[in-house]
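Remarks on the structure that follows.
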Amino acid sequence: MQPDSILSPKLLSDYCATAILAVDPADGRIVAANPACETLLGYPVSALLTMQISDIEVGLQDVFFWEDVRQSGAQEISRVEGEYQHCSGHFLQVRKTIRLVQEAGRTLCIISAHDISASKRLEEESERTSSLLATTLESTIDGILVTDLNGKVLNFNHKLSEICACPAIENNDFHDLMNSFKSRLLEKERFERWIARLFHDPYLNELQTFNLDDGRAYEIGSAPQQYRDGPIGRLFCLHDISALKASEAELRIARDQAQQASKAKSDFLAHMSHELRTPLNAILGFAQIIETDENPEQQQLGTYIYRAGKHLLDLINEVLDLASIEAGKLALRMEPVALKTCIADCLEMTQLLARDKGVHLQAQLLADDVFVLADVRRLKQMLLNLVSNAIKYNRPNGEVMISVERSPGNNWRISISDTGIGISEQDQAQLFTAFNRVGNTQTSIEGTGIGLAFTQKLAWLMQGNIGVKSQPDVGSCFWIDLPASCAPQAGPTLPPFVIDQSSRSILYIEDDLLSQKLMQNILAKQRPQYQLFIAGSAEEGIALAQQFEPDLILLDQNLPDGTGAMVFEQLQQNERLYHTPCIALSGNTLPEQINDALRQGFCAYLGKPIQISSTLLTIDRWVSQKRERQVSSSSQ
């Protein structure tokens with residue numbers, strides 16, 4: 001039975017998405033074309049029927065083909081690549097097939113072609129990427145190996161051949177290759193267990209270090225090769241860390257030697273401090289007794305002994321302080337220091353010396369809000385040193401002025417100016433050198449030659465600086481620059497609250513606002529008998545806990561001003577909070593993190609995001625235990 005209608009071949013070609021051309025091989029004319037040719041080439045069909053096939057097919061292989069057709073006759077070809085020229089002038093990569101048909105007593109070449117330019121570009125891009133990857137792998141000093149999940153070698157670089165001493169890696173599977181490497185390891189069994197674990201768990205990502213019997217060490221990393229969220233193979237990277245290990249060993253030796261030297265210096269300082277100050281205690285004590293003798297000559301001798309002993313004590317103190325700085329043993333307590341108060345204290349302590357020397361001592365009026373970041377005790381020591389020098393090296397009826405002003409770099413500059421004998425430029429260069437008392441005119445004035453060197457080092461330790469401006473016979477101005485600071489903050493202001501004695505109180509120390517709201521919502525709806533208090537920082541949490549002694553503390557482990565471990569340790573130091581149960585909350589749920597918290601003393605550990613049901617059960621359990629202990633204690 002014949003179908004009702006049959007589509008004509010012409011109609012079929014019109015609806016075909018593949019470009020179809022009919023070419024007369026005798027003269028190369030295009031005698032027919034379907035509409036898809038217009039889409040491919042940009043020419044209207046009517047224009048194509050006036051063109052030669054050589055006007056379109058411009059690739060070298062295409063030119064040779066049609067030349068061969070003219071000389072030897074038409075022939076069929078299948079799925080060959082060629083190059084077509086679009087009407088706009090650009091070139092297209094095509095894949096074509098040529099079939100021979102007989103039409104009205106003549107042979108025609110029917111060409112079907114489709115554009116493969118996009119796929120060729122992707123292919124070239126892929127080749128460039130592969131070339132770059134291969135170049136990268138070969139240029140690295142590490143050995144690289146890629147296997148499938150069964151241990152079959154898929155890719156490697158030649159550095160791996162050197163490391164494993166196996167030139168024909170492609171002929172070996174992974175296990176044979178690793179056996180060659182394993183034979184030179186000191187810990188063969190550990191290596192075998194590690195390799196077995198890697199291939200047992202395709203998602204495992206680990207880094208291990210292994211030592212070879214020739215003294216070298218390799219760091220081997222293995223990571224899964226993933227495709228579409230699933231592992232398809234495994235990547236190994238072998239890195240020689242022998243030089244690093246040798247450097248680490250040298251550094252450990254140097255560190256141990258430095259620590260021994262530092263300990264020896266510390267022991268020496270401690271021993272010398274004791275050995276020198278002990279006899280001086282007796283010398284100065286007996287000198288003061290002699291000063292009270294009724295005989296004026298004995299009194300004078302006592303005064304001489306006391307002054308000499310006091311000078312020696314000052315020298316010892318400054319030498320030991322300077323040695324402590326050099327040894328890195330001088331600890332500073334940096335805090336905001338009010339310059340007005342500090343300078344006033346120094347004026348009071350040097351007023352008697354200034355009166356004895358006939359020097360007028362004064363200070364600039366200073367506001368209460370001028371603060372520097374410094375160690376207050378050491379800052380006073382620095383100022384006393386400079387002010388004492390300004391008095392001692394001054395003229396009779398001279399002046400010493402202390403002033404404060406802003407200096408570059410957000411610093412405050414404390415200046416001590418005098419009307420003394422001044423210092424020459426040559427002597428200024430040696431001024432801050434220890435044990436160097438500059439000038440020839442100062443020999444009658446007591447001094448150790450250490451004070452300025454010590455003051456300079458203290459200024460540096462406080463992130464500051466010291467300098468001098470001086471003119472002989474006019475006077476000197478020593479200045480200290482120290483970082484400006486804000487006034488010290490008062491303790492946290494606690495919100496007013498009232499505790500319902502019939503309810504149980506819970507303190508939640510958490511800086512995240514959403515977590516705070518969540519806990520408030522959970523307890524308000526499911527545990528209204530609990531009264532919840534919230535602290536947004538470690539400092540505020542500790543203050544609240546000490547103020548109202550909650551029945552339970554929920555403590556986040558990462559706060560902006562401290563860790564949960566640090567807060568817990570401070571809470572434990574309070575006798576009234578020692579038995580308060582404390583639950584740790586954290587997004588870190590690694591077993592070692594949990595174990596560390598429980599070992600520290602936390603009663604439980606809740607991971608974030610929390611499970612509401614288990615969280616409430618945990619809270620109920622520990623609140624109840626706290627209440628039972630309270631009842632038991634009151635009944636006793």
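Could you run through the stretch 352-401 and say how many residues are without any contact (Cβ under 8 Å) to a residue 12 or more places away in the chain and in a loop (DSSP other than H, G, I, E, B)?
Counting residues in the stretch 352-401 that are without any contact (Cβ under 8 Å) to a residue 12 or more places away in the chain and in a loop (DSSP other than H, G, I, E, B) gives 1.
If you take the residues of the stretch 545-575 that are part of a strand (DSSP E or B) and within 25 Å of the chain's Cα centre (by Cα), which of them is farthest from Thr618 (Cα to Cα)?
The initial filter retains those residues of the stretch 545-575 that are part of a strand (DSSP E or B), namely 552-556, 558-559, 562-563.
Subset that is within 25 Å of the chain's Cα centre (by Cα): 556, 558-559, 562-563.
Numbers: Asp556: 16, Asn558: 21, Leu559: 22, Gly562: 25, Thr563: 22 Å.
Of everything passing the filter in the stretch 545-575, Gly562 is farthest from Thr618 (Cα to Cα).
Of the residues that sit in the stretch 402-424 and are in a strand (DSSP E or B) and of a type in the set (S, T, N, Q), which one is farthest from the chain's Cα centre (by Cα)?
Pass one, the stretch 402-424, residues in a strand (DSSP E or B): 402-407, 411-418.
Then drop every residue that is not of a type in the set (S, T, N, Q), which leaves 403, 407, 411, 415, 417.
Values: Ser403: 42, Ser407: 32, Asn411: 28, Ser415: 40, Ser417: 45 Å.
Ranking the candidates gives Ser417 first.
Residues that are farther than 24 Å from His158 by Cα, at least 1 per element: which strands (runs of 3 or more DSSP E) completely within the stretch 179-251 meet that? Quick ask: steps written out before the conclusion?
Numbers: elements: 206-211, 217-227, 230-240.
In the stretch 179-251, 217-227, 230-240 are the strands (runs of 3 or more DSSP E) which contain 1 or more residues that are farther than 24 Å from His158 by Cα.
What strands (runs of 3 or more DSSP E), lying completely within the stretch 82-163, carry at least 1 residues that are more than 37 Å from the chain's Cα centre (by Cα)? Walk me through it before giving the result.
Numbers: elements: 91-103, 106-115, 143-148, 153-156.
Where strands (runs of 3 or more DSSP E) fall fully within the stretch 82-163 and carry at least 1 residues being more than 37 Å from the chain's Cα centre (by Cα), they are 91-103, 106-115, 153-156.
Could you tell me which of the residues Ile466, Ile542, Ile522 is modelled with pLDDT under 90, surrounded by 13 or more Cβ atoms within 10 Å (Cβ to Cβ) and not in a loop (DSSP other than H, G, I, E, B)?
On the way: Ile466 fails: modelled with pLDDT under 90; Ile542 fails: modelled with pLDDT under 90.
Exactly one of Ile466, Ile542, Ile522 is modelled with pLDDT under 90, surrounded by 13 or more Cβ atoms within 10 Å (Cβ to Cβ) and not in a loop (DSSP other than H, G, I, E, B), namely Ile522.
Kindly indicate whether any position in the stretch 576-591 is buried (at least 20 other Cβ atoms within 10 Å of the Cβ), more than 30 Å from Gln489 (Cβ to Cβ) and in contact (Cβ under 8 Å) with a residue 24 or more places away in the chain. Give the derivation first.
Here is the first cut: in the stretch 576-591, the residues buried (at least 20 other Cβ atoms within 10 Å of the Cβ) are 581-585.
Still in the running and more than 30 Å from Gln489 (Cβ to Cβ): 581.
Subsequent filtering for residues that are in contact (Cβ under 8 Å) with a residue 24 or more places away in the chain retains 581.
Scanning the stretch 576-591 turns up at least one residue that is buried (at least 20 other Cβ atoms within 10 Å of the Cβ), more than 30 Å from Gln489 (Cβ to Cβ) and in contact (Cβ under 8 Å) with a residue 24 or more places away in the chain.
Taking the criterion of being among the acidic types (Asp, Glu), modelled with pLDDT of 90 or more and assigned by TED's automatic domain parsing to the domain that holds Ile542, would at least one residue in the stretch 575-594 satisfy it? Reasoning before the result, please.
The first filter runs over the stretch 575-594 and keeps only residues among the acidic types (Asp, Glu), leaving 575, 592.
In the following step, the residues that additionally are modelled with pLDDT of 90 or more were identified as none.
Checking the stretch 575-594: not a single residue is among the acidic types (Asp, Glu), modelled with pLDDT of 90 or more and assigned by TED's automatic domain parsing to the domain that holds Ile542.
Output the number of the condition that Gln71 fails; it satisfies all remaining conditions of (1) surrounded by 15 or more Cβ atoms within 10 Å (Cβ to Cβ); (2) at pLDDT below 90; (3) in a helix (DSSP H, G or I).
If we test Gln71 against (1) surrounded by 15 or more Cβ atoms within 10 Å (Cβ to Cβ); (2) at pLDDT below 90; (3) in a helix (DSSP H, G or I), just (1) comes out false.
The rows are residues; the columns are (1) in contact (Cβ under 8 Å) with a residue 12 or more places away in the chain; (2) on the phi > 0 side of the Ramachandran plot; (3) in the same structural domain as Ser183 (by TED's automatic domain parsing).
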| position | (1), (2), (3) |
| --- | --- |
| Glu67 | no, no, no |
| Leu92 | yes, no, no |
| Arg95 | yes, no, no |
| Gln102 | no, no, no |
| Ile111 | yes, no, no |
| Ser131 | no, no, no |
| Leu149 | yes, no, yes |
| Lys159 | yes, no, yes |
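One residue is enough: does the stretch 219-226 have a residue meeting the conditions in contact with a Ser or Thr (Cβ under 8 Å, 6 or more places away or on another chain) and at pLDDT 85 or above?
As a first pass, look at the stretch 219-226 and keep what is in contact with a Ser or Thr (Cβ under 8 Å, 6 or more places away or on another chain): 219-220.
So of that shortlist, the ones also at pLDDT 85 or above come out as 219-220.
The answer is yes; a qualifying residue exists.
If you go through the stretch 525-539 one residue at a time, how many are part of a strand (DSSP E or B) and in contact (Cβ under 8 Å) with a residue 60 or more places away in the chain?
Just the residues of the stretch 525-539 that are part of a strand (DSSP E or B), to begin with: 530-535.
Narrowing the set further to residues that are in contact (Cβ under 8 Å) with a residue 60 or more places away in the chain leaves 530.
Number satisfying all stated conditions: 1.
Residue by residue through the stretch 576-608, note down the ones that are hydroxyl-bearing (Ser, Thr, Tyr), within 26 Å of the chain's Cα centre (by Cα) and either closer than 15 Å to Leu544 by Cα or part of a strand (DSSP E or B) (or both). Before the answer, list the steps.
First, pick out the residues of the stretch 576-608 that are hydroxyl-bearing (Ser, Thr, Tyr): 578, 580, 586, 589, 605.
Restricting the remaining residues to those that are within 26 Å of the chain's Cα centre (by Cα) gives 586, 589.
Passing the criteria: only Ser586.
On the basis of being surrounded by 14 or more Cβ atoms within 10 Å (Cβ to Cβ), among the small types (Gly, Ala, Ser) and modelled with pLDDT under 90, does Gly28 make the cut?
yes
The values are calculated or read from the model by the stated rules, or taken from the named source; none is laboratory data. Since we're looking at a predicted model, the values are computed, not measured. Note that each Cβ is placed from the backbone with ideal geometry, even for glycine, and that neighbours are counted across all protein chains shown.
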